[in-house]
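Peer 1: Okay, here's the structure, questions in a sec.
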Amino acid sequence: MIHFIGAGPGGEDLITVRGARLLGEADVIIYAGSLVNPALLKYKREGCVVHDSAGMTLEEVLSVMRETEAAGGDTVRLHTGDPALYGAIREQMDELDRLGLAYDVTPGVSAFSGAAAALQAEYTLPEVSQSVIITRMAGRTPVPEGEQLRKLAAHGCTMVLFLSTGLLEQVEEELLAGGYAPDTPAAIVYKATWPEERVYRCTVATLAQTAREHHVTKTALITVGGFLGDRYERSKLYDPAFTHGYREGKA
Ligand code: SAH
């Protein structure tokens, strides 16, 4: 059996209980060494063979999986955060389907959740934003025309940018062109939940400068929006005057 597992954003105790159990049972682990905290390998059992996928192709990854299956073993494919986001798991699953090899997926805590925790922030504040756009700046991997950053920016909602730390001049330009005011709060979260985590608060207009000043070039998320500001309305759910299925409101 092949298990795709979300490793979580970095902190070694932020993998799920199921993920840690499956890691401990694996005969072979293929992990994304460029982003997964190697400390997670402490969950592996003795004799387990470990491959770092950072230097491997899809074909090489699949061939390790096939060999392990042929020998009757279990493979864990360990992806950073949650495998469903920028994880390149679909192409692996499609090939496994073609080969008739069984697999399952264990979700993980995505870096965007880790970043909110690092910021001690809530992405969805009443009267500020009730939507989170997760996207990336177009780089060597193109982004479909309809998802150009300036078009998405027009919503003015909470935005989380993956894979964009090296392109912050363009990010700024696009966000401003889309309609965010230059002083809209923003934050760069470097290595959220890792021991070396850093949070740099700035504005949309100072993203590139802030990253330069602190030498942040990768493994960071860019978060943007009024959720990082001071103004919001309190929730209806916990308002004493609000009635809902579980509580009678008192004026
Ligand atoms: N599947 C992963 C994302 C993989 S894409 C997830 O759900 O989190 C890789 C990008 O994720 C990096 O370039 C960076 O932008 C972001 N990233 C991953 N881990 C991070 C962390 N701990 N802190 C900040 N950004 C992180």
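Peer 1: Starting from the Cα-Cα distance between ARG198 and LEU41, subtract it from 0.36 nm times their residue separation and give me the gain in nm to one decimal.
Peer 2: Answer, rounded to one decimal: 54.1 nm.
Peer 1: Then there's this: For segment 133-246, what does the equivalent ellipsoid look like in terms of its semi-axes, each the square root of 5 times an eigenvalue of the Cα gyration tensor, given largest first in whole Å?
Peer 2: 28, 18, 14
Peer 1: Using only alpha carbon pairs under 8 Å that are at least six residues apart, calculate the relative contact order of segment 1-74 and give it in whole percent.
Peer 2: Relative contact order of segment 1-74: 35 percent.
Peer 1: I'd like the FRET efficiency for ARG231 and ARG21, computed as 1/(1 + (r/R0)^6) with the beta carbon distance as r and R0 of 30 Å, rounded to 0.05.
Peer 2: Details: r = 44 Å, r/R0 = 1.47.
The pair ARG231/ARG21 has a calculated efficiency of 0.10.
Peer 1: So, one more: P(r) tail for the chain, what percent of Cα pairs lie past 35 Å?
Peer 2: Tail of the P(r) past 35 Å holds 27 percent of the pairs.
Peer 1: Sticking with this one: Could you calculate the FRET efficiency of ILE134 with MET1 from 1/(1 + (r/R0)^6), where r is the beta carbon distance between them and R0 is 30 Å, rounded to 0.05?
Peer 2: Here the calculated transfer efficiency is 0.50.
Peer 1: Which value, in Å³ per residue, describes the convex hull spanned by the Cα atoms of segment 153-216? The partial results should precede the final answer.
Peer 2: On the way: hull volume 5.0 nm³, N = 64.
Once divided by residue count, the hull of segment 153-216 is 78 Å³.
Peer 1: Using the Kirkwood radius built from alpha carbon pairs, what does the Stokes-Einstein equation give as D for segment 88-164 at 4 °C and 1.567 mPa s, in µm² per second?
Peer 2: In µm²/s, the coefficient rounds to 85.
Peer 1: How many percent of the alpha carbon pairs in segment 1-142 exceed a separation of 25 Å? It would help to have the intermediate numbers written out before the result.
Peer 2: Working: 3082 of 10011 pairs.
Considering segment 1-142, 31 percent of its Cα-Cα pairs are separated by more than 25 Å.
Peer 1: Using just the alpha carbons, could you tell me how many Å³ per residue the convex hull of segment 1-40 encloses?
Peer 2: Taking the convex hull of the Cα positions in segment 1-40, it is 69 Å³ per residue.
Peer 1: Using every Cα-Cα pair within segment 57-204, state what percent have a distance larger than 26 Å. List each step's numbers first, then the result.
Peer 2: On the way: 4290 of 10878 pairs.
So the pairs more than 26 Å apart make up 39 percent of the total in segment 57-204.
Peer 1: Quick one: putting +1 on the C-beta of Lys and Arg, -1 on the C-beta of Asp and Glu, what dipole do you get for the chain around its Cα centre, in Debye to the nearest 20?
Peer 2: 540 debye
Peer 1: Which of rounded, prolate or oblate describes segment 77-129 when judged by the alpha-carbon gyration tensor and an a/c cut-off of 1.5?
Peer 2: prolate
Peer 1: Please report, in debye to the nearest 20, how large the charge dipole of segment 6-139 is about its Cα centre when each Lys and Arg carries +1 at its beta carbon and each Asp and Glu carries -1 there.
Peer 2: For segment 6-139, the charge dipole is close to 200 debye.
Peer 1: In addition: Return the FRET efficiency for the residue pair GLU122, LYS218: r is the Cβ-Cβ distance, R0 is 35 Å, and the value is rounded to the nearest 0.05.
Peer 2: 0.85
Peer 1: Would you mind giving the three semi-axes, in whole Å and largest first, of the ellipsoid equivalent to segment 188-251 according to its Cα gyration tensor?
Peer 2: Calculated on Cα positions only, the semi-axes equal 39, 14, 7 Å.
Peer 1: Using the heavy atoms of the protein chains alone and a 1.4 angstrom probe, what is the accessible area of segment 105-193 per residue in square angstrom?
Peer 2: Accessible surface, normalised per residue, equals 47 Å².
Peer 1: Please say if segment 23-72 is rounded, prolate or oblate, where rounded means a/c under 1.5 for a ≥ b ≥ c the square roots of the C-alpha gyration tensor eigenvalues, and otherwise the choice is prolate for a/b larger than b/c and oblate otherwise?
Peer 2: oblate
Peer 1: Using packing as a proxy for protection, rank 93-104, 62-73, 31-42, 150-161 so that the peptide with the highest average count of other Cβ atoms within 10 Å comes first.
Peer 2: Working: 93-104: 12.9, 62-73: 15.2, 31-42: 17.6, 150-161: 19.7.
Answer by packing, highest mean first, reads 150-161, 31-42, 62-73, 93-104.
The values are calculated or read from the model by the stated rules, or taken from the named source; none is laboratory data. These numbers were taken from a predicted model, which means no experiment stands behind them. Virtual Cβ from ideal backbone geometry, glycine too; neighbours counted across all protein chains shown. With ligands, DNA and RNA removed, areas are computed over all heavy atoms of the protein, side chains included. Shrake-Rupley method; radii C 1.70, N 1.55, O 1.52, S 1.80 Å.
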